[in-house]
Amino acid sequence: MFYQSILYSLVIFFILLFGATAIYAHFEVKNRELLKTATQLHRGTKTERALVLKLLKAGIPPGAIYHDLYIKKHNGTYCQIDLVVATKVGLIVFEVKRYNGWIFGTGYQRQWTQVLAYGKEKYRFYNPIMQNDKHIFDLRKKLPQENIPYFSVIVFYGDCVLKDVSFVPDNVYLVKSDRILDVVERILNNNQPAEYQNKREIIRVLAQAAKNGEDLTVQAQHIENIRNRFGRESRV
């Protein structure tokens, strides 16, 4: 009787395990299919793709999402933008970060600080507000329509805390990933519809920038330019 009870428990366990695995696989397939409506499964980082998927599930149309863009500049180099969403109120430009620990910085400091191990380890990284502001500057030069509103959104994934971040400029939003949909909703609800002069030109530029990212040579050149300009994140 004892062994029968153990056998019965094992059978139930494996049935539940199989069911849970099947359900997980089903949702994974659905997520992958949904993601493919807006981007390619290998494009960008896993964190960026998680944001794309979250926006899609929130009802953002796939055609409004442009992921992993490479804007060609006048000097032949490229500006890489994680994500742009074209909306009725303007262009939302996302910079996606993944960090752990405490984050310190201000809107005007070039370097921010990541603190780990209860203060024992500190690392510098480039101010993401300035980083995304430069992305928007380069995008504006490609889209010289003066009345296009731009909204800069820096999204932090990972187990990090924005411990002391201040002097954030207007139209710039710093947010943890679990609050990103609140920020997008606030942008859409609190701003007037944009007066786009040429929607087709905007779509063309954004689509071409996304297409540029499929070129491995462009990607390699951009990475090399970043290393030459900023170097790697440095330990303090």
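The values are calculated or read from the model by the stated rules, or taken from the named source; none is laboratory data. Remember, it's a predicted structure, so these values are computed and weren't measured experimentally. Neighbour counts are summed over all protein chains in view; Cβ atoms, including those assigned to glycine, are modelled from backbone coordinates with ideal geometry.
Details
- Exactly one residue among VAL29, VAL52 is in contact with a helix residue (DSSP H, G or I) (Cβ under 9 Å, 6 or more places away or on another chain), without any contact (Cβ under 8 Å) to a residue 60 or more places away in the chain and not basic (Lys, Arg), and that residue is VAL52.
- Selection count where residues are among the aliphatic types (A, V, I, L, M) and either within 20 Å of the chain's Cα centre (by Cα) or outside the structural domain of ASP170 (by TED's automatic domain parsing) (or both), scope region 111-137: 3
- Which listed residue, of ILE103, ILE81, is closer than 26 Å to GLN197 by Cα, in the same structural domain as LEU139 (by TED's automatic domain parsing) and not acidic (Asp, Glu): ILE81
- The set of residues in region 79-96 that are more than 15 Å from ASP133 (Cα to Cα) and either surrounded by fewer than 21 Cβ atoms within 10 Å (Cβ to Cβ) or touching a Gly at 6+ places or on another chain (Cβ under 9 Å) (or both) comprises ALA86, THR87, LYS88, VAL89.
- Taken together, the residues in region 87-110 that are of a type outside the set (A, V, I, L, M), assigned to a strand (DSSP E or B) and either more than 20 Å from the chain's Cα centre (by Cα) or over 27 Å from ASN147 (Cβ atoms) (or both) amount to 7.
- Annotation: ILE15 fulfils all but one of (1) surrounded by fewer than 17 Cβ atoms within 10 Å (Cβ to Cβ); (2) modelled with pLDDT of 70 or more; the unmet one is (2).
- GLU121 surrounded by fewer than 19 Cβ atoms within 10 Å (Cβ to Cβ) and touching a Lys or Arg at 6+ places or on another chain (Cβ under 8 Å): yes
- Where strands (runs of 3 or more DSSP E) fall entirely within region 134-186, those with at least 2 residues that are under 21 Å from TYR78 (Cβ atoms) and modelled with pLDDT of 95 or more are at 150-157.
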